[in-house]
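Step one of this worksheet: look at the structure below.
Since every read-out is calculated from the coordinates, none of them should be taken as a lab result. All of these numbers come straight from a predicted model, not from anything done at the bench. With ideal geometry, Cβ positions are generated from the backbone for all residues, glycine too; neighbour counts draw on all protein chains shown.
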Amino acid sequence: MQASRDDFVIAIRSAFLKKENKQKFSLVALIFLTFLILVSEKFNLKPIDYLKISLREIAYRSTFIVSIPENFIKKSYIATKNHFSVYEENKILKERLDIELSKNYNSEYIIEENKRLRSAIEELESIPSEIVGKVLVDKKSPFLRSIIVNRGSRDGIELGMAVMDKSYLIGKIVEVTFTTSRVLLLSDLNSKIPVDLMPNNIQSILSGTGEHHGLIQYTRQQSLIENDAIVFTSGAGGLFKSGIPIGKIYKDPLNSRVIVNFFSDFSQLRFVKIVSFKGKPE
Amino acid sequence: MGEINKLNNFRKILEKGPIILLIVSVLNEFDFNYLNLKYFSFNFPFILIYFWSLKRSGSLGYGLIFLSGLFNDIVTGLPIGVSSLAYLLICGFSAYLRNITLRPSAIKDWFFFGFTILVVNSLIYLIISLIFNVELNYYSILVNILFTFLFYIIFSGLFNYYLKLIFGAQSV
């Protein structure tokens with residue numbers, strides 16, 4: 001018994017403490033260094049910030065280059081898939097276009113009326129400033145859902161700015177370097193934003209799930225939420241302006257969860273708009 | 001003479017294969033997210049590091065593994081140092097297995113790999129969620145562990161073939 005315990009200790013010691021042939025560092029020294037980095041990261045120490053900034057600048061650019069072959073395969077796969085579905089899609093789009101055109105006649109009147117009403121209540125008018133960014137890295141890590149775009153502090157990007165795909169909200173800026181920035185997608189588990197559900201004007205919070213959809217949480221009026229209701233930003237908190245479309249409601253009959261199917265497909269983002277909504281008094 | 005030099009250079013590049021593959025895999029992730037498979041993901045660097053540390057420890061330096069972990073954290077957006085710790089622990093587990101093994105067996109290596117990634121992922125989950133307060137999808141991690149475990153046997157077959165082809169009789 002004693003001998004087998006000794007063997008175990010010797011094997012562990014040899015694996016972690018002994019510097020092996022052809023190795024410049026011992027394992028335990030590097031593990032100790034990693035713990036130091038983790039502690040510095042936890043307490044936001046300055047040297048770690050410098051290390052992160054330099055690593056980001058190298059990593060994001062290298063990732064873009066290294067991902068070129070995979071991106072080529074990805075684009076070819078999507079193009080082939082789209083090619084086969086083009087006929088069916090065309091039929092559906094024609095029907096949708098008819099419906100949208102009929103809606104469009106009303107929208108101009110509604111926009112004008114909305115402007116008039118807003119000025120009546122002296123609300124701050126949002127002047128969006130828009131920057132278009134290219135998606136450099138689009139990795140579906142099992143831990144986080146985020147993308148890297150090629151716009152950073154030199155282009156005027158700031159933390160918290162809204163990120164949109166066409167006219168749909170997809171996330172916000174959570175990390176900015178000189179030339180790049182990280183966007184936390186709405187589908188990430190840590191993403192929570194205030195929303196309005198239309199019709200019925202129900203206020204709620206949209207949480208990410210780590211999958212391709214979101215969840216409506218913290219609302220007492222769950223029974224009033226209708227299937228196919230549209231989810232818009234509520235503008236609460238002042239981060240985003242109100243009325244940016246996000247997705248459509250689907251009420252799961254099995255577990256009564258209120259699911260949000262995003263309008264934008266987060267796995268196929270190539271260019272995004274980074275928008276700042278700064279209030280300006282009338 | 002020139003032909004021989006060219007062949008030698010090509011051989012040298014092939015000997016650096018595991019290093020190149022590690023760098024590419026941490027920067028690129030090979031995630032196949034465009035396939036839209038809901039519950040599919042695996043951790044290729046775990047397989048690569050475990051296999052090469054076990055079979056030919058000199059192929060991947062600990063310093064390089066540490067650095068590649070830092071780069072992986074930057075790319076995936078995790079707190080910096082988390083992946084380095086995971087990679088180094090995997091090196092430690094594989095070094096331990098190498099020390100206690102007299103007669104190598106692919107199945108034993110495979111099951112020990114399963115045990116290793118369970119321990120390492122649990123530790124990483126605890127660090128990320130308890131210390132850094134980042135919310136994680138527990139099921140996604142479990143699926144990731146399962147696929148990483150299943151894929152090990154396939155990749156170890158491929159790597160074994162590569163090992164014999166490039167390093168021949170020198171390999172253990």
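Shown for A:213, A:83: other C-beta atoms within 10 Å of each C-beta, ranked fewest to most, produce the order A:83, A:213. Taking amide H as placed 1.01 Å from N in the peptide plane, the amide H of residue A:181 sits under 5 Å from that of A:149, A:151, each at least 5 places away or on another chain.
Express the Stokes-Einstein translational diffusion coefficient of the stretch A:199-282 in µm² s⁻¹, to the nearest whole number, given a Kirkwood radius over alpha-carbon pairs, 10 °C and a viscosity of 1.306 mPa s.
Details: Rh = 14.3 Å.
Result for D is 111 µm²/s.
Calculate the FRET efficiency for residue B:118 and residue A:35 from the Cβ-Cβ distance with a Förster distance of 30 Å, rounded to the nearest 0.05. Numbers along the way, then the final one.
Working: r = 21 Å, r/R0 = 0.70.
Efficiency computed from Cβ-Cβ geometry: 0.90.
With a 10 Å cut-off around each Cβ of B:64-76, the average count of Cβ atoms from other chains is 6.
Peptide packing for B:19-26, B:95-102 was compared via the average number of neighbouring C-beta atoms within 10 Å per residue; ordered from the highest value, the list is B:19-26, B:95-102.
Relative contact order (percent) for the stretch A:130-282, with alpha-carbon contacts under 8 angstrom and 6 or more residues of separation?
Values: 381 pairs, mean separation 36.7, N = 153.
About 24 percent, as a whole number.
In this rough spin-label picture, where each label sits 7 Å from Cα along the Cβ direction, the residue B:161-residue A:159 distance is 5.0 nm.
Can you tell me which of B:158-168, A:227-237 comes out highest on packing, and rank the rest after it, using the mean Cβ neighbours within 10 Å? All intermediate terms of the calculation are to be shown ahead of the outcome.
Details: B:158-168: 13.7, A:227-237: 17.4.
Most protected by this proxy first, the peptides run A:227-237, B:158-168.
Using alpha carbons only, how many degrees (0 to 90, rounded to 10) separate the axis of helix A:2-16 from the longest principal axis of chain A? Once rounded, the angle reads 60 degrees. Placing a label point 7 Å from the Cα of residue A:248 along the Cα-to-Cβ direction, the residues of the stretch A:218-238 whose backbone N falls under 18 Å of that point are A:225-233. Take each residue of peptide B:81-94, count the partner chain Cβ atoms within 10 Å of its Cβ, and average: the result is 5. So, in Å, what gap is there between the alpha-carbon centers of the stretch B:98-172 and the stretch A:47-113? Each part reduced to its Cα centre gives a spacing of 35 Å.
Report the gain in length on full extension from residue A:75 to residue A:13: 0.36 nm times residue separation, minus Cα-Cα distance, nm rounded to one decimal. Intermediate results must be reported in sequence, preceding the final value.
Numbers: separation 62, 0.36 × 62 = 22.32 nm, distance 4.92 nm.
In short, 17.4 nm is gained.
Compute the long axis of helix B:106-126 from its Cα atoms, compare it with the longest principal axis of the Cα atoms of chain B, and write down the angle in degrees, 0 to 90, nearest 10. Around 40 degrees separate the two axes. Contact order for chain B, expressed relative to its length and based on alpha carbon pairs under 8 Å spaced 6+ residues apart, stands at 28 percent. Helix A:46-66 and the longest principal axis of the C-alpha atoms of chain A enclose an angle of approximately 70°.
Which order results if A:40, B:83 are arranged by neighbouring Cβ count within 10 Å, fewest first?
Details: A:40 17, B:83 28.
Least crowded to most crowded, the residues run A:40, B:83.
Binning the alpha carbon pair distances of the stretch A:130-282 at 10 angstrom intervals from zero yields the distribution 12, 42, 33, 12, 2, expressed in whole percent. Modelled spin-label separation between residue B:151 and residue B:126, with each label point placed 7 Å from Cα along the Cα-to-Cβ direction: 2.7 nm.
When only alpha carbons of the protein assembly as shown are considered, Rg and Dmax amount to 25.8, 88 Å.
With N as its number of residues, the stretch B:2-170 has a Cα radius of gyration that, divided by 2.2 N^0.38 Å, comes to 1.08. Dividing the summed -39500 (n - 2.57) terms of all DSSP H runs of n ≥ 4 by the residue count of the protein assembly as shown sets its mean residue ellipticity at 222 nm at -17500 deg cm²/dmol.
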